[in-house]
Amino acid sequence: MGIRIKKQAETWENRWAIAYSTSQRAIGIELKDILSKREWKILETTNSEEAAFANTAIGKASMLIIDDTEQDPAAIIQREQLFHQVACITPTLIICSQHNETDFKCMASMGDPVMVPKPISPKTLLEGMDQLCEKWSQGYLVDVRRAAAKMAEGQIQTGFRILTEIVQSGQKAPVATAALALYYRRQDDIKMTEKLLVSAIKQGIFEMSIILPLIDLYLYSGAPKLALRLIEMAFERFNKPNFLCIDAVQALLMLNRIKECIPYLQQLIDNEYFPEVARQYLPRLYYSSGELEAFDKAIKYRPEKFDEYQRAWHLLADEDAERRKQQYEAQAQLRKQAARDKKEKDKEPMEEAVPVKRDKKNNQPLGFGPVGKPLFQDDGKTSVDG
């Protein structure tokens, strides 16, 4: 009968996508040709995540495409995305590199994205597009997309009213919960932010959209023990994701558990995940925790490196260090003496400025009424009565 099936793209008023890629190859041209088959257009391909997020914030793009590479893992970009108000509720398509396979499980639970493998082909990319459009065209994600559109139009309160209604409905809505928590976080309402995120976890939503903001909140608020507990739980559930290693190191350093940082940095090196950063810090941790044999191997027995660490560790000459130590001890003694003097002073009774005679019975000054009572009492007599 020639019935025309409505395409997924036609249910979206804004069919512009923004692509993020730091790759040297011209991925934008490939995407433009393939996406046009679904009546979608590429606004631009940018190597700045801020520019990509900004285009979603002002409503120029309603979809984000992230090119996952060895040098620029998509998980890091997704993490940034969680802290941008409109970008965090924007449908996202990730073109995945097998090099970052360790983080795939984590990536899939940050913002309900759709992931397509490299190398990209028209077939796989179009299937991914169809899947993403279908996912975000049903359930609570329809309302989330509506909230994003309102916020992009400048109707911030309307958008958050929609998100609040979604969260209060009782359904599991990690994307909406994360966006609402971010709103309160930006209002410096730490208690409400924590309440929303913890309630979601108690509801059984243990996804990175919820866990990451809560880890960040605890680290920011000076609660590294709580952050570390979440990191360890996430490590167990999400196949030891590489990008969480940095959070683990930060939390452990805040707790002064230096030696426990070493396995996390070693994982980054083994998985070639920002290995140059890990190699820069690992020798310092070996040296400061007394793991000298591991330190020797880390610097590859180079004498100039050893001298460098020695100088960094011993910034003062021995005589300078001894002099400074004596100064500290002298200051400590002065503080102790000041505290003792204050304690003795508090014990001493207050001396009267002018000695006065006191009544032996009640210890009240003679010639004055009792303490706390009027000086002149009505006793039926006056001064003229004699």
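The figures follow:
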read-out: Mean Cα-pair separation over length for the range 134-231, i.e. relative contact order, pairs under 8 Å, 6 or more apart, %; value: 17
read-out: Heavy-atom accessible area order for D189, D67, largest first, 1.4 Å probe; value: D189, D67
read-out: The range 81-239 - percent of accessible surface contributed by carbon and sulfur, probe 1.4 Å; value: 50
read-out: Accessible area of R284 in the full protein assembly, 1.4 Å probe (Å², nearest 10); value: 110
read-out: Residues whose placed amide H lies under 5 Å from that of G111, excluding near-sequence neighbours; value: S209
read-out: Amide H contacts of I66 (H built 1.01 Å from N, under 5 Å, at least 5 apart or other chain); value: Y20, L93, I94, I95
read-out: Cα gyration tensor shape of the range 12-111, rounded if a/c is under 1.5, else prolate or oblate by comparing a/b with b/c; value: oblate
read-out: Peptides 232-240, 180-188 ordered by average Cβ neighbours within 10 Å, highest first; value: 180-188, 232-240
read-out: Rounded accessible area per residue of the range 52-186, 1.4 Å, Å²; value: 37
read-out: Solvent-accessible area of H84 with every protein chain in place, 1.4 Å probe, in Å² to the nearest 10; value: 40
read-out: Mean-position separation - Cα centroids, the range 178-215 and the range 117-161, in angstrom; value: 21
read-out: Solvent-accessible surface ranking, highest first, for W16, W136 at 1.4 angstrom; value: W16, W136
read-out: Surface accessible to a 1.4 Å probe, F83 within the full protein complex, Å²; value: 60
read-out: Too-long pairs where the Cα-Cα distance tops 28 Å, listed order kept, from K105/K297; K118/K259; K195/K240; K240/K297; value: K105/K297; K118/K259
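The values are calculated or read from the model by the stated rules, or taken from the named source; none is laboratory data. Keep in mind it's a predicted model, so treat the numbers as computed, not measured. No Cβ is skipped: glycine too gets one built from the backbone with ideal geometry, and neighbour counts run over all protein chains shown. Just the protein is used for accessible areas: all its heavy atoms, side chains included, with ligands, DNA and RNA removed. Shrake-Rupley method; radii C 1.70, N 1.55, O 1.52, S 1.80 Å.
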